[in-house]
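In what follows, a single structure is set out as structure tokens and then discussed.
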Amino acid sequence: MWVTKRAVAVTYRRNVIEPHAPAPPGTAPPWAGPVRLPVRPAVGRFLVLAGVFVCAACGLVYELELVALASYLIGDSVTQASVVLSVMVFAMGVGSLLAKRLRRHAAAGFGAIEAALALVGGCSAMALYAVFAWTGDWGGLWAHGPRCLLVAFSLAIGLLIGAEVPLLMELIQRIRRQDAGGAVADLFAADYVGGLVGGLAFPFLLLPMLGQLTGALITGTVNAIVGGALVLGLFRRDLTRRARWLLVIANLAVLGVLAAAAVLVDDFERAARQAVYGDDVRVALQTDVQEVVLTGGTHGRPLDLFLDGRLRVSGRDERRYHEALVHPAMNGPHTRVLILGGGDGLAAREVLRHPDVRRVDVVELDAGVVRLARTDPALAALNGHVYDDPRVHVTTGDAFGWLRQARPAAYDVLIADLPDPGITASTKLYSQEFYGLAHRALAPGGRLVVHAGPVSSRPRVFWTVDTTMRAAGLRTVPYCVGGRDEGFAAGPDRVTGASRAPRDWGFVLAAADTTPALGLDAHAPPPRTLTVASLAADARAVARTRITGMPPSTLVHPAYAN
């Protein structure tokens, strides 16, 4: 974004400013003469640069808002960020070219552009969320709806941001002409500092305090007020009477729309959330890490836990998943157990069914999930109130960083209850380096089990996990269990159609010393949904799907793809 702005400014300087700067007075076009200001030129330049600062901050907030919302609603953050940034940078170049036609009316053009940018940028988050909420799984006509809308907003916002630079350069030079290099330096000093402030304000102020929808609306309001005040206050003498009234009406209309949206945003969000999750939403909160939503859990309705829109716990079949994840790994020494992820406490519930477990360490990134697992009556009942057990110790932190500090040979069992490897933020937790750290943390005879995604619908991802674990020196036994609920998200996409819904969970059991035996601990209460015979049959079925030649995934060469 900022590289493109620099290129626009250099081109503008060479083609517009430099040809006019050395010319004697009177040779420039009439519209390029000095502007009539109500203040001294030095004060006017300062006010313009202050406006540049604010508009640059707002523009970067719009950009980050689109990236964040697209990653949340659609998934696969690398792809969505690439789409938003590339389309926006391209559109900025186009916008700067189109803005050349507005140089004759630079003040009025800038005012109109800022009003349009405030409206489009401020409402972009609500529009994207509305399309997501009320078009179901985006099948049929809406199969590419979210991506098309994302591209449309990126294109529109990029065009408007790109058009700002030529007009601002024109206004600065009309206040007081100076050498081209000095004008560019002043403009970009304000522009880059504004970008820094906007870039820091979005994750540390707007997102945690206001949320995505209200944050975008507030940003649009600031954008409209500053842009309108700059043009109507500083350059009003350069506008016709009609232009002034049109800008006043346009800015008041934009501010009215944004204010109405801000008043209705809570009702809109509740209605959209019910459209997405159903009518029985009990808890909806934005933690420092993600959005957490709990539905059901009362009046006989099964409890569902959504993290950033993906269904992570389904009360209809979570037991099948957690029993399959935990119990095969507990077939052997298991006095010391480490659970990476699993802040909901359900994996720990299965671990504690083995009476000779002495210590369970849970490393969870989101303290908000652990807090819910402790305090929400339905979720705490589902996990058996495991956090009241003195053997369970919780640490808030990143699993990768925590393993780097773990003592060698510290655990008999390591359970990786982590998000799907297809989600960009999770790829490092399925890397060869990560499994090397896990290998080091295992005691002699210890086992590691990993949730590796569905085998039937994403076999390449599943076998990449297996290959990566083998590359880290582990000996693996892949297996799966079927019968999972269709609502579970398959991977990087937030929502999948019924035809794409996975039918199984895939797991990889591994050990360092020898190939682990796939079985169940005979000294613990038997699982409700698993038998040794069913595990063996499923392992044979999985083995027949093996894909050879898959490269291991590393931190610098992630290999996971749909």
For this session: Output the residues belonging to the range 393-410 that are open to solvent by 20 Å² or more (accessible area, probe 1.4 Å) and touching a residue at least 60 places away in the same chain (Cβ under 8 Å).
Result: 402
Exercise. Out of the residues in the range 199-237 that are under 23 Å from residue 287 (Cα atoms) and among the hydroxyl-bearing types (Ser, Thr, Tyr), which is most open to solvent (accessible area, probe 1.4 Å)?
Worked result: 214
Problem set entry | Subset of the range 369-409 [under 14 Å from residue 437 (Cβ atoms) and among the acidic types (Asp, Glu)] | 398
Exercise. Is it true that residue 457 is at pLDDT below 95 and assigned to a loop (DSSP other than H, G, I, E, B)?
Worked result: yes
For this session: Please specify each residue of the range 163-198 satisfying the condition of being acidic (Asp, Glu) and open to solvent by 20 Å² or more (accessible area, probe 1.4 Å).
Result: 179, 186
Exercise. Listed residues 276, 293, 337, 257; which is buried (at least 16 other Cβ atoms within 10 Å of the Cβ), at pLDDT 95 or above, β-branched (Val, Ile, Thr) and farther than 30 Å from residue 477 by Cα?
Worked result: 257
Problem set entry | Search result, residues across the range 460-472 that are open to solvent by less than 50 Å² (accessible area, probe 1.4 Å) and part of a helix (DSSP H, G or I) | 461, 462, 463, 464, 465, 466, 467, 468, 469, 471
Exercise. Residue 457 passes all but one of (1) open to solvent by 10 Å² or more (accessible area, probe 1.4 Å); (2) without any contact (Cβ under 8 Å) to a residue 60 or more places away in the chain; (3) touching a Gly at 6+ places or on another chain (Cβ under 7 Å); which number fails?
Worked result: (3)
Exercise. What number of residues within the range 387-414 satisfy the criterion of being within 17 Å of residue 356 (Cα to Cα), of a type in the set (A, V, I, L, M, F, W, C) and in a strand (DSSP E or B)?
Worked result: 3
For this session: Could you tell me whether any residue of the range 156-173 is free of Cβ contacts under 8 Å to residues at least 12 places away in the same chain and either among the aliphatic types (A, V, I, L, M) or closer than 18 Å to residue 89 by Cα (or both)?
Result: no
Exercise. What's the number of the condition residue 40 fails, among (1) under 18 Å from residue 153 (Cα atoms); (2) modelled with pLDDT of 85 or more; (3) open to solvent by 10 Å² or more (accessible area, probe 1.4 Å)?
Worked result: (1)
Seminar exercise, completed: With the first residue restricted to the range 347-361 and required to be touching a residue at least 24 places away in the same chain (Cβ under 8 Å), and the second required to be part of a loop (DSSP other than H, G, I, E, B) and among the hydrophobic types (A, V, I, L, M, F, W, C), Cβ contacts under 8 Å at 6 or more apart or on different chains are 351/357; 353/524; 354/524; 355/524; 360/352
Exercise. What number of residues in the range 513-523 are modelled with pLDDT under 90 and crowded, with 18+ Cβ neighbours inside 10 Å?
Worked result: 0
Exercise. Can you tell me which of 353, 371, 319 is of a type in the set (Lys, Arg) and either crowded, with 21+ Cβ neighbours inside 10 Å or within 25 Å of the chain's Cα centre (by Cα) (or both)?
Worked result: 371
Exercise. Looking at the range 201-215, is at least one residue touching a helix residue (DSSP H, G or I) at 6+ places or on another chain (Cβ under 8 Å) and under 22 Å from residue 46 (Cα atoms)?
Worked result: no
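Rundown of residues vs (1) over 27 Å from the mean Cα position of the chain (by Cα); (2) among the charged types (D, E, K, R), yes/no style:
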site: 401; (1), (2): no, no
site: 410; (1), (2): yes, no
site: 428; (1), (2): no, yes
site: 432; (1), (2): no, no
site: 439; (1), (2): yes, no
site: 442; (1), (2): yes, no
site: 446; (1), (2): yes, no
site: 452; (1), (2): no, no
site: 463; (1), (2): no, no
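The values are calculated or read from the model by the stated rules, or taken from the named source; none is laboratory data. Every value quoted in this text rests on a predicted model; they were computed, and no experiment measured them. Reconstructed Cβ throughout: ideal geometry from the backbone, glycine too, with neighbour counts over all protein chains shown. What goes into the accessible areas is simple: the full protein's heavy atoms, side chains included, and nothing from ligands, DNA or RNA. Shrake-Rupley method; radii C 1.70, N 1.55, O 1.52, S 1.80 Å.
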